Structures are given as structure tokens and as C-alpha cells.
Amino acid sequence: MTLIATAYVVWLLPDSLLRLFVWVFTHSVYRLRVEGRDNIPENVILELYKAGALARTISSNAPSTGAFQWQVPLDLSPGNDYSIRISSATNASLYDVSDANFNIDVPTIDARSLVRLPDGRFSFAFTAFGASQVTVSASTNLVFWQDLGIVPLSNGSASFTDNTSTNLLSRFYRLRLP
């Protein structure tokens, strides 16, 4: 199970109180959703743990509505030892922790693969472990982004050639998981 800073689905299956699902809908925004028995009628505390130690508090007083939007910070270290703890904001003995760790990974463009082809097109390789496809977007000003295509991944890796870059002096690229 993996969280990628630019989007996809992860399932966390805690044992007794709740079922937490982390749903990723857009760039770095994840929805924590509680399914099953919600035994916490009051507000809840959502905490992210790495290797069993508190990494950060996601929310210290979230309404217990069954869903919570969370933007995954880009400063988190990639790893496969993350878990989430949900607890009552008023009763510390009422809590649950995901019983399966999950990954937080960042899609990475391989800097060694960046190449301007003789015909002016631009090509690069990237990894996004845990995903099956990636949307490649481009911008000339970091404000307006255009989707260039959806690229299927094989074993978490793929390459992309920008066929529309032949007349551009520079361009920015962004990877997003659909």
C-alpha cells in the first residue's frame, strides 16, 4: 500500500473500531474516510505515525463526519512504515490504529534521463511505485498547466516524450496520478 504525493488510493484496515480508507483524488489531497462502525460521536484526533513514532498530527479536532480532507505535506520522508491513529478528542481510551503500514512515496523524474532529442522533442524517465499510470502535465509559467497524456507504468517506471516541445525554449513538467 502506497501514498504517492501526487495521488492514488490506499486502503488501511484497522482491527476493531473503524475501517480507514485513504482515498486520493487530486494532487496531494487525500480523503480519510471512516467506514463501518463509528464509535466516536465527538470530534476526533488524526495522527500520522512513522515507524511507530508520531510523525505529525493531521488534525487535533476534526469533526467525526466520516471523512476528512488531508493534503500530504511534501516534506514527509518516503517510507513504507506509516500508519494512522484516530482517537476521540475527549476520551483518550477510545482509539484505533491501522494494523497495516502503508507507503508514502514521491514520483521522481530521473535527472539522468533528461534529454532534448535531435528533432527538438524532450524526453525523460520517471518512477511512481505503487501506481499503474501517471498523467504528465506541462507548463511554461508554473501557473497554467496542460495535460500532455496518460502514461502506463511497468513495474513502477516509464518514460515520456513530449512531442509538443519542439519550439519551446523551456518547459516545466509535473506528474500526477489520475
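Collect the residues in segment 120-178 that are free of Cβ contacts under 8 Å to residues at least 40 places away in the same chain, more than 22 Å from residue 104 (Cα to Cα), of a type outside the set (A, V, I, L, M) and in a loop (DSSP other than H, G, I, E, B), keeping them in residue-number order.
140, 141, 144, 145, 164, 170 - these are the residues of segment 120-178 that are free of Cβ contacts under 8 Å to residues at least 40 places away in the same chain, more than 22 Å from residue 104 (Cα to Cα), of a type outside the set (A, V, I, L, M) and in a loop (DSSP other than H, G, I, E, B).
Any residue at all in segment 80-99 that is part of a strand (DSSP E or B) and either at pLDDT below 75 or in contact with a Gly (Cβ under 6 Å, 6 or more places away or on another chain) (or both)?
The answer is no; no qualifying residue exists.
What about residue 106, is it at pLDDT below 85, farther than 30 Å from residue 166 by Cα and either exposed (fewer than 15 other Cβ atoms within 10 Å of the Cβ) or not basic (Lys, Arg) (or both)?
The answer is no for residue 106.
In segment 88-121, how many residues are under 24 Å from residue 169 (Cβ atoms) and in contact with a Leu (Cβ under 8 Å, 6 or more places away or on another chain)?
1
For (1) of a type in the set (Ser, Thr, Tyr); (2) surrounded by 13 or more Cβ atoms within 10 Å (Cβ to Cβ); (3) under 18 Å from the mean Cα position of the chain (by Cα); (4) modelled with pLDDT of 85 or more, each residue gets a yes or a no:
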{"site": "121", "(1), (2), (3), (4)": "no, yes, no, yes"}
{"site": "136", "(1), (2), (3), (4)": "no, yes, yes, yes"}
{"site": "146", "(1), (2), (3), (4)": "no, no, no, yes"}
{"site": "160", "(1), (2), (3), (4)": "no, yes, no, yes"}
{"site": "173", "(1), (2), (3), (4)": "yes, yes, yes, yes"}
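Just for segment 58-75: of the residues that are under 17 Å from the mean Cα position of the chain (by Cα) and surrounded by fewer than 17 Cβ atoms within 10 Å (Cβ to Cβ), which one is modelled with the lowest pLDDT?
74
The values are calculated or read from the model by the stated rules, or taken from the named source; none is laboratory data. Everything numeric here is computed off the predicted structure, so don't read it as measured data. Backbone-built Cβ (ideal geometry, glycine too); neighbour counts: all protein chains shown.
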